[in-house]
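Below: one structure, written as structure tokens.
The values are calculated or read from the model by the stated rules, or taken from the named source; none is laboratory data. From a predicted model like this one, the values you see are computed outputs, not experimental measurements. Here Cβ is always computed from backbone atoms with ideal geometry, including for glycine, and neighbour counts include all displayed protein chains. In case anyone asks, the SASA skips ligands and DNA or RNA and just uses the protein heavy atoms, side chains included. Shrake-Rupley method; radii C 1.70, N 1.55, O 1.52, S 1.80 Å.
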Amino acid sequence: MVVLGQFIEVLIGGLLAGVLYSLVALGFVLIFKASGVFNFAQGAMVLLAGLALVRSLDFLAARGVPMWAAIVLGLLFAAVVMAITAALIQKLVLGPLVNQSDLSLFMATIGITFVLEGAGQMIFGSDVYPLSLFPTDAWFVLDGLFEGGLLVNKLDVWGGLIAGALVAGLAIFFQRTKTGRALRAVADDHAAAESVGIPITWIWFVVWLVAGLVALVAATVWGTKLGVQFSIVFLALKALPVLIIGGFTSVPGAIVGGLIVGAGEKIAEVYLGQQIGGGIEYWFAYVLALAVLLVRPQGLFGERIIERI
Amino acid sequence: MKADVQERSGAAGAGHAGTDRAIGDVLLSVENVSLAFGGVKAISDVSFDIRKGEIRAIIGPNGAGKTSMLNVINGFYHPNQGTITFKGTKRHDMRPYIAASQGISRTFQNLALFKGMTTLDNIMAGRALKMRRGLLWQALHWGPALWEEIRHREAVEKIIDFLEIQHIRKAPVGKLPYGLQKRVELGRALAMEPELLLLDEPMAGMNLEEKMDMSRYILTVNDQFATTVALIEHDMGVVMDISDRVVVLEYGRKIADGTPDEVQRNQRVIDAYLGISH
Amino acid sequence: MLYREAGQFKTSYTADMAIFPIRQDRIALILLLLFAFVGIPLLAHFQLWPLGSDYMLRAILIPFLILSLAAIGVNILVGYCGQISLGSGAFMAIGAYSAYKFGTGVHIPLEFLGTEIRIAPLPVLPSILLGGLMSAIVGILFGIPSLRIKGLYLAVATLAAQFFFDWVFLRVKWFTNYAPSGSIAAPDLHFFGYFVHSPIERYLLCLVFVTVFALIAKNLVRGNIGRQWMAIRDMDIAAELMGIRPLYAKLTAFAVSSFIVGVAGALWAFIYLGAWEPLAFSIDRSLQLLFMVIIGGLGSILGSFLGAAFILILPILLDQVPHAFGVPVSVETVSHLVFIVTGALICYLLIVEPHGFARLWSIAKEKLRLWPFPY
């Protein structure tokens, strides 16, 4: 039972850590679905949102503003920062690049990544800033079944709950609101959508704004776990293999892909890492994605593409 | 397979005026080909053949499966059923590379030029199959690699002269006007020295003068290089003028096949084009 | 009026296909090469401005040459063949570590077969070239997915290469000859019995490598294989229907590109760094190379040089210029500014001039041809 208990513990820890990847991956999927842009900058957006949040919190807390008010104001401030970012990206970069090749757009988002990283750190600072919005201690559960019980981190559970709420919220937004419907129309065919009077630049702004808010949510969880710091950008890159596995156009794919990557890399690290030197979490997700690419290029939930000429 | 060689008659209205061309054996035949994408049937049970040396037109309303047919012939789509026989070899489907190396070349409905390359490089790219020197020689750009490059350059320059595009030789094709791009694309297909040339709406979007030029190029290619041509075209005047035989598709089915005269008199074709309530 | 091609008639296809068909360009190139091969060493030898100290050679010219070489390699894959790569740093690392292993002797125990593979230490030149070869082989392996997947998906495949090899060279001690710190030092640079030691000699060595490989790269991209790469880049389906085999075109692009990047990696380790750690070839390096290619010009050998020069000089400028105006800027701010300027410039160039500095250069030449007339 000890062996099984340990396995379940690793699995749960992995699944819940995978939720973090899913949170970032969601932002990618939103933008990809609505504008066909593969947004390399999603990780930098998480960093920027986190920095804006944690620095405004520190600022307010140092001036004696009560905690709850500081959190609300901080979140608002970060949301405004993300809105401005979304507007600038849409206006200055993606607007002029309409109808360019996917590759150009992708490279432009790498450029955006660098601007956001540089500007974010220049404005808000470049240290490690601890953030504590959620409890980070652990629960011990099922100690009747397993010796010593299973260790579950409360933060991970919070992350899971938040991701669930986020997906539900996004589903309602897409299915029930006028903007959501317009968004889906734009995703299908932006020229056609424009011709029936959908304001396409507004829609793209909304998409980037929503992706920015998703990044803010991700930043609250990630920041609590690791502190808000530059390396978040590289951790967030793991959302790319998550998307390959789940499929670029699928919200459920982003969630399931995140869970697979999170659980897979923890299990691989614990059971395989010891044999081959440790630290394989560093690349496991990418190599897994590579394997999926060779077998099923459109991912688990993606749509098959028929090429035409 | 008919082995006899028919001598063309200069019958009025049937095809173009060249009277001495020999229409030979069947070069390519399509037998009972069906193609579906998911549940959508693009082609159902179509059979026809293309004879050596002829100009064969494929016509039909939009969505009739004409382009899909060309895609099947040069191996981009693989049919669900049926066979293709090219130069006596029967296949279930072609592979693009095999089709190209055996002498089928192609132009596209929506231009598919290499936009970042010059006219010259585009047409030279059409000779990629014929150039054999390895990477090491090419890295030196000397000796055999250089001789090969020059030999093919000469062939390409002939095509450039023929199509009267000398002045845009070194211009990137992406910025050329539409009519010239169409010409470059024809040049690229000719550079492969094909036995069978597939043209997908070579005159779409052209004005009358450009259409006349393009017709002239097609007829010359067919006459002088004895290249078999299969073309899709919507301009009925052009089709009836230059083609020897016409196959008509509608909703993925063949509804008529014959000389331009026969096809023009066919009631189903008239219905398909004028639109009749079924 | 000086830059005119009027009166220069080409009488053969060879002349028309030359790299620099215009006489003035050829003269300029010869002068540039003369300066690079003779002028700079002389200036450095007599310690004349701007080569009064080693700094210029060691910290600017040598890295510029090596990174230009790497950028040429990346440009072949990304700019000519249209296959995006975020893993170039890994291929530099493969070149560097393979060259190191060949230079210090390879020993692979194969106990389960009761045998072993042992290769005596090789001289530096074959080591470096074998480093490139190993990089090419791995490049082909990671290029295989490109046959089924396109564009952005491939980006992730190359990221896999990056992170996997970061880990390999950090954790698999065999590659570092079990050095306790993971940091290793390059063997002495003996070339045909000659010991390359001083900065001038090292600079000349890099220059020879870069000149030779730039010429080879130029020959390839203007020949049959180069046209195949560009055809795949511009319209892969049409290329395939014309008989260009994607398998061959893409894998040769991966092989040639990785070979050149691998050689550059070996040079970077052996000549520029001397001693290095795995982090020398991280994803930052990959992105830096990609930026050089985008800024300098996708699909241009000249652009690779321009891009490398820009990326190297930018931090120095951002550091020096505010100082000159009496505004002290912290090191941290400079690094953030570098991020912002580079990123913004990339977006700007993608919008305004996707072919980068190289195209701006050719536009300038076009203007010069007409000068002093407006058109």
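The Cα atoms of the protein assembly as shown cover 97, 76, 73 Å along the three principal axes, with the biggest extent listed first.
Whole-Hz Karplus values for the range C:116-128 come out as 7, 10, 9, 10, 5, x, 9, x, 5, 4, x, 4, 5 Hz, taken residue by residue from phi with 6.51 cos²θ - 1.76 cosθ + 1.60 and θ = phi - 60°; glycine and proline positions read x.
Look at the alpha carbon pairs under 8 Å that are at least 6 residues apart: their mean separation over the length of the range B:133-278 gives a relative contact order of 14 percent. One Cα centroid belongs to the range A:177-198, the other to the range A:83-145; the line between them spans 26 Å. Here the range C:287-360 and the range B:223-265 have alpha carbon centers that stand 58 Å from each other.
Across the range B:114-193, C-alpha contacts under 8 Å between residues 6 or more apart give a mean separation that, scaled by the residue count, equals a relative contact order of 54 percent. Overall size of the range C:1-52 from C-alpha positions, given as principal axis extents largest first: 46, 25, 9 Å.
Roughly how compact is chain B, stated as its Cα Rg over 2.2 N^0.38 Å to two decimals? Write out the running numbers ahead of the final one.
Details: Rg = 19.3 Å, N = 278, 2.2 N^0.38 = 18.7 Å.
Compared with the compact-globule rule of thumb, chain B sits at 1.03.
Dividing the convex hull volume of the alpha carbon atoms of chain C by its residue count gives 195 Å³ per residue.
With Cβ to Cβ distances under 10 Å as the rule, what net charge do the other residues near residue A:277 carry (K, R +1; D, E -1)? Working shown, then result.
Details: positive: C:171, C:173; negative: none.
With Lys, Arg at +1 and Asp, Glu at -1, the neighbours total +2.
What residue among C:139, C:114, C:193 has the largest mean-square fluctuation in a Gaussian network model of chain C, using Cα springs under 10 Å? Largest GNM mean-square fluctuation: C:114.
For Cα pairs less than 8 Å apart in space and 6+ apart in sequence, what is the mean separation divided by the residue count of the range A:2-295, i.e. the relative contact order in percent?
Working: 441 pairs, mean separation 109.8, N = 294.
Relative contact order, the range A:2-295: 37 percent.
Comparing B:35, B:70, B:176, which has the greatest mean-square fluctuation in the GNM of chain B with Cα pairs linked when under 10 Å apart? Of the options given, B:176 has the highest mean-square fluctuation. Calculated from the alpha-carbon coordinates, chain A shows an Rg and a Dmax of 20.0, 65 Å respectively. The tail of the calculated P(r) for the range B:114-193, taken as Cα-Cα distances beyond 19 Å, holds 35 percent of the pairs. P(r) tail for the range A:182-309: Cα pairs beyond 26 Å make up 38% of the total.
The lysine pair tally for chain B, using Cα distances under 20 Å and a gap of 8 or more places or different chains, is 18. Shown in residue order for the range A:179-191 are the 3J(HN,Hα) couplings computed by the Karplus curve 6.51 cos²θ - 1.76 cosθ + 1.60 at θ = phi - 60°: 4, x, 5, 4, 4, 5, 5, 4, 4, 5, 6, 6, 5 Hz (x for Gly and Pro). Charge tally for residue B:181 (other residues, Cβ to Cβ under 12 Å; Lys, Arg +1; Asp, Glu -1): +3.
Modelled this way, with points 7 Å down the Cα-to-C-beta line, the labels at residue C:313 and residue A:67 are 5.5 nm from one another.
In terms of the mean number of neighbouring beta-carbon atoms within 10 Å, the peptides A:155-164, B:136-145, C:248-257 order highest first as C:248-257, A:155-164, B:136-145. Packing, taken as the mean count of other beta carbons within 10 Å per residue, orders the peptides C:35-42, B:111-118, C:260-267, A:90-97 from highest to lowest as C:260-267, B:111-118, A:90-97, C:35-42. For the range A:219-271, the list of chymotrypsin sites (Phe, Trp or Tyr not before Pro) that fall in a loop by DSSP and count at most 15 other C-beta atoms within 10 angstrom reads A:230.
Applying the Karplus relation 6.51 cos²θ - 1.76 cosθ + 1.60 with θ = phi - 60° to the range C:285-293 yields 3J(HN,Hα) values of 5, 4, 5, 4, 5, 4, 5, 4, 5 Hz, where x marks Gly and Pro.
At a Förster distance of 25 Å, what's the computed FRET efficiency of residue B:212 paired with residue B:162, Cβ-Cβ distance as r, to 0.05?
Working: r = 16 Å, r/R0 = 0.64.
Result of the calculation: an efficiency of 0.95.
In whole angstrom, the range C:313-370 maps to an equivalent ellipsoid with semi-axes of 30, 15, 7, each derived as √(5λ) from the alpha carbon gyration tensor and ordered largest first. Taking every DSSP beta bridge that has both ends in the protein assembly as shown, the antiparallel portion is near 70%. Straight-line cross-link partners of residue A:225 among the lysines, defined as a Cα under 22 Å from its Cα and at least 8 positions apart when in the same chain: A:154, A:238, A:266.
Put B:101, C:304 in order of accessible area, largest first, 1.4 Å probe: what do you get?
The ordering from most to least exposed comes out as B:101, C:304.
Name the most mobile residue of B:268, B:216, B:151, meaning the one with the largest mean-square fluctuation, in a Gaussian network model of chain B with Cα contacts below 10 Å. So, out of B:268, B:216, B:151, the one fluctuating most is B:151.
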